[in-house]
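The values are calculated or read from the model by the stated rules, or taken from the named source; none is laboratory data. If you're wondering where the values come from, they're calculated on a predicted model, not measured in any experiment. A quick note on method: Cβ atoms are made from the backbone with ideal geometry, for glycine too, and the neighbour counts reach across all protein chains shown. For the accessible areas, the whole protein counts, side chains as well, though only heavy atoms, and no ligand, DNA or RNA atoms are used. Shrake-Rupley method; radii C 1.70, N 1.55, O 1.52, S 1.80 Å.
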Amino acid sequence: MIREIAAARRALLTSEFPMQATATSIASDELHSRFASAQSVLVLTGAGVSAESGVPTFRGGGKTAVWKGMPFDVISSGAMLERNLPAVWEWFNYRRGVLRNLAPNAAHDTIAGWENRFERLTLVTQNVDGLHHLAGSRNVIELHGSVWRARCVTCDARTNLRESDHQEGVPVCFGCGDSMRPDVVLFGEMLPPGAFERAAMEAAACDLCFVVGTSAVVYPAASIPEIARAAGAYVVEVNPEPTPLSRICNEVLSGPAGEILPLID
Ligand code: BJW
Ligand code: ZN
């Protein structure tokens with residue numbers, strides 16, 4: 001008997017069988033009570049959170065998977081930036097043009113609303129689309145930067161591209177006259193100084209962690225829920241598809257974020 005209880009406990013702790021909930025049940029009693037008592041909540045988002053706004057995901061066969069015959073991990077790479085900066089800007093100028101006409105969806109709005117509900121809410125996003133800010137989120141760590149900023153390759157000066165009329169070509173730094181680059185983290189590049197460290201610190205201190213709309217294959221972002229779980233947080237995934245993280249999650253809410261998140265209470 002003791003051996004059976006120990007095995008069941010071990011299965012729970014290692015999450016071999018994370019609790020499943022569907023769009024009809026939404027959250028388990030356990031999540032309901034954790035949600036009511038949580039003090040520090042961390043939300044990690046990926047491209048899926050913006051899918052219902054019309055932003056294509058990277059690995060879902062969407063339009064950002066390939067650009068002019070180049071897979072996104074080739075065009076969005078540090079190597080391509082060195083080799084062909086104008087091509088990289090053509091890709092980012094195109095994407096800003098698409099994003100300009102898109103608005104946050106119910107998932108962004110719900111997460112923004114949680115900032116008023118919990119004593120501490122940290123939003124860690126891999127997205128570069130700026131939709132969380134548009135929805136009103138303030139405590140946001142943008143792990144992979146933003147398409148709405150350009151950064152000088154020489155003096156590091158930043159330009160806000162929402163306020164500029166830059167639409168084509170490579171923008172030039174007002175300070176030193178050198179070329180600017182998108183202020184995003186491309187494959188093979190380091191994350192902004194301190195961004196991962198802050199996110200990891202919040203993950204280690206949170207009691208509830210949501211992982212929303214990410215395929216969880218890009219590191220170090222995908223290690224954040226692992227840190228939260230190892231530190232004892234209750235980890236909940238929201239995604240229509242299973243991911244490599246599903247097995248370490250305490251609960252998996254299977255469905256679109258814009259439908260699921262507003263129903264969690
Ligand atoms: C929905 C939905 C709905 C759909 N509702 N959900 C360890 C091992 C091996 C390699 C590495 C390693 N550590 C680091 C690396 C290298 C690399 C990496 O991780 N590679 C892996 C692919 C293996 N990492 C890096 O290079 C990082 N830098 C770094 O670590 O520096 C140090 C270093 C350098 C070199 C070697 C080792 C260390 C930087 C990563 C930067 C990633 N940049 C990109 C591009 C940004 C610019 C641009 O936008 O073009 O960021 S890649 C792309 O993937 C983008 C995303 O932020 C990121 C994550 O994707 P995300 O958000 O998960 O989207 P998808 O499309 O993958 O998934 C969508 C999900 O949504 C799916 O699950 C759907 O089911 C779901 N969904 N509809 C809810 N309605
Ligand atoms: Zn400069």
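In deg cm²/dmol and to the nearest 500, what is the mean residue ellipticity at 222 nm of the chain if only DSSP H runs of at least 4 residues count, each as -39500 (n - 2.57), divided by the residue total?
Dividing the helical sum by the residues of the chain leaves -9000 deg cm²/dmol.
Report the full-extension gain for the segment S28 to E119: residue separation times 0.36 nm, less the Cα-Cα distance, to one decimal in nm.
30.5 nm
Could you compute how much accessible surface C249 exposes when probed at 1.4 Å, giving the result in Å² to the nearest 10?
For C249, the solvent-accessible surface is approximately 0 Å².
Taking every DSSP beta bridge with both residues inside the chain, roughly what % is antiparallel (nearest 5)?
That works out to approximately 30 percent antiparallel.
Please list Y219, Y234 in order of solvent-accessible area, largest first, computed with a 1.4 Å probe with all protein chains present. Let's see the in-between values first.
Values: Y219 130, Y234 10 Å².
So, going from the largest accessible area down, we get Y219, Y234.
What percentage of the solvent-accessible surface of the range 186-264, computed with a 1.4 Å probe over protein heavy atoms, is contributed by carbon and sulfur atoms?
63
Longest span of the chain, sites excluded, free of trypsin sites (Lys or Arg not before Pro) in DSSP loop with at most 15 other C-beta atoms within 10 Å?
163-265
Quick one: how many Å² of D109 are accessible to a 1.4 Å probe, rounded to 10?
Accessible area, nearest 10 Å²: 80 Å².
For the chain, set up a Gaussian network in which alpha carbons nearer than 10 Å are linked by springs, and say which option among G46, G194, G130 fluctuates the most.
Maximum among the listed residues: G194.
Which residues does the label zone of V98 cover in the range 30-57, counting backbone N under 13 Å from a point 7 Å along Cα→Cβ?
The answer is 47-48, 50-57, whose backbone nitrogens lie closer than 13 Å to the label point.
Compute the accessible area per residue over the chain, keeping the other protein chains in place, probe 1.4 Å, unit Å².
For the chain, the solvent-accessible area averages 49 Å² per residue.
Need the full-extension length gain, D178 to D73, defined as separation in residues times 0.36 nm minus the C-alpha distance. One decimal, nm.
Details: separation 105, 0.36 × 105 = 37.80 nm, distance 2.58 nm.
Result: 35.2 nm gained on full extension.
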